[in-house]
Amino acid sequence: QKEVEQDPGPLSVPEGAIVSLNCTYSNSAFQYFMWYRQYSRKGPELLMYTYSSGNKEDGRFTAQVDKSSKYISLFIRDSQPSDSATYLCATRLLNRDDKIIFGKGTRLHILP
Amino acid sequence: DARVTQTPRHKVTEMGQEVTMRCQPILGHNTVFWYRQTMMQGLELLAYFRNRAPLDDSGMPKDRFSAEMPDATLATLKIQPSEPRDSAVYFCASGPTAGVRSSTDTQYFGPGTRLTVL
């Protein structure tokens, strides 16, 4: 079992819809959770960063962590064509652990 | 606007040839990571350095891959000899040592080197 599992998609939704992207992880010791966005032919860039369980909101984006079920979610409200990208969930074990463990990414297409 | 730079952006080579990829981390970052990305495997960590010292290269095929940091402004990843299965996008990322400045310290990626081995 990989440490972070993510459905690769692709996921196609109409513009304006709410998008839900999800990951599961296996190690209950993971404490820091991230979402990276990767546009075609670009490097991943950090989108959101959360610690432990709970929600974090940033504009149209909400990251949610449920440690009891080892589930990570990213919600995108009022989705735009410019949100079309691959979204990678990621996690880190400890505050001082440099290594980040990535999911394989979900390809998202927002249809105009 | 500080960013990680990588050269070359694209490389096409023939099987058996040596390939060298270069990365300039963001000034002040003391951790450097090399990743390989493919559709099948996603992002795989190949090697990572802290303060120029290699800390983990367990993800790297040792017989043909080597990673070095000759100085703080340059990281290299070398494949010799290259094989078709090495075709992938290779990313370099840099960051501060986790948690030293902030609990949200993370990695910043370069644009990648797209390698095709024929």
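The values are calculated or read from the model by the stated rules, or taken from the named source; none is laboratory data. Model, not experiment: these values are computed from the prediction. Positions of Cβ are generated from backbone atoms using ideal geometry, with glycine treated the same way; all protein chains shown enter the neighbour counts. Ligands, DNA and RNA are excluded from the accessible area calculation, which covers all protein heavy atoms including side chains. Shrake-Rupley method; radii C 1.70, N 1.55, O 1.52, S 1.80 Å.
Of all the listed residues (B:Arg22, B:Arg85), the sole one being more than 14 Å from chain A (Cβ to nearest Cβ), farther than 29 Å from A:Glu3 by Cα and not hydrophobic (A, V, I, L, M, F, W, C) is B:Arg22.
Are any of the residues in segment B:25-37 free of Cβ contacts under 8 Å to residues at least 40 places away in the same chain and not in a strand (DSSP E or B)? No: zero hits.
Does segment A:105-112 contain any residue that is within 26 Å of B:Cys92 (Cβ to Cβ) and either among the polar types (S, T, N, Q) or open to solvent by 40 Å² or more (accessible area, probe 1.4 Å) (or both)? Yes, some residue in segment A:105-112 is within 26 Å of B:Cys92 (Cβ to Cβ) and either among the polar types (S, T, N, Q) or open to solvent by 40 Å² or more (accessible area, probe 1.4 Å) (or both).
Does segment B:72-79 include one or more residues that are within 14 Å of chain A (Cβ to nearest Cβ), open to solvent by 20 Å² or more (accessible area, probe 1.4 Å), more than 27 Å from A:Gln6 (Cα to Cα) and assigned to a loop (DSSP other than H, G, I, E, B)? For segment B:72-79, residues within 14 Å of chain A (Cβ to nearest Cβ), open to solvent by 20 Å² or more (accessible area, probe 1.4 Å), more than 27 Å from A:Gln6 (Cα to Cα) and assigned to a loop (DSSP other than H, G, I, E, B): absent.
Suppose we filter A:Ser73, A:Ser52, A:Ser79, A:Ser69 for residues that are at negative phi and open to solvent by 20 Å² or more (accessible area, probe 1.4 Å); which single one remains?
On inspection, the qualifying residue turns out to be A:Ser69.
Just checking, does segment B:105-116 include any residue being in contact (Cβ under 8 Å) with a residue 24 or more places away in the chain, at positive phi and buried (at least 17 other Cβ atoms within 10 Å of the Cβ)?
Going through segment B:105-116, the residues in contact (Cβ under 8 Å) with a residue 24 or more places away in the chain turn out to be B:107-116.
Now drop any that are not at positive phi, which leaves B:112.
Next, only the ones that are buried (at least 17 other Cβ atoms within 10 Å of the Cβ) stay: B:112.
Scanning segment B:105-116, I find at least one residue that is in contact (Cβ under 8 Å) with a residue 24 or more places away in the chain, at positive phi and buried (at least 17 other Cβ atoms within 10 Å of the Cβ), so the answer is yes.
Residues that are out of contact with any Gly (no Cβ under 6 Å at 6 or more places or on another chain) and among the hydroxyl-bearing types (Ser, Thr, Tyr) were ranked within segment B:15-35; the one that is most open to solvent (accessible area, probe 1.4 Å) is B:Thr20. The set of residues from segment B:38-71 being within 11 Å of another protein chain (Cβ to nearest Cβ), open to solvent by 60 Å² or more (accessible area, probe 1.4 Å) and not in a loop (DSSP other than H, G, I, E, B) comprises B:Arg50, B:Leu55.
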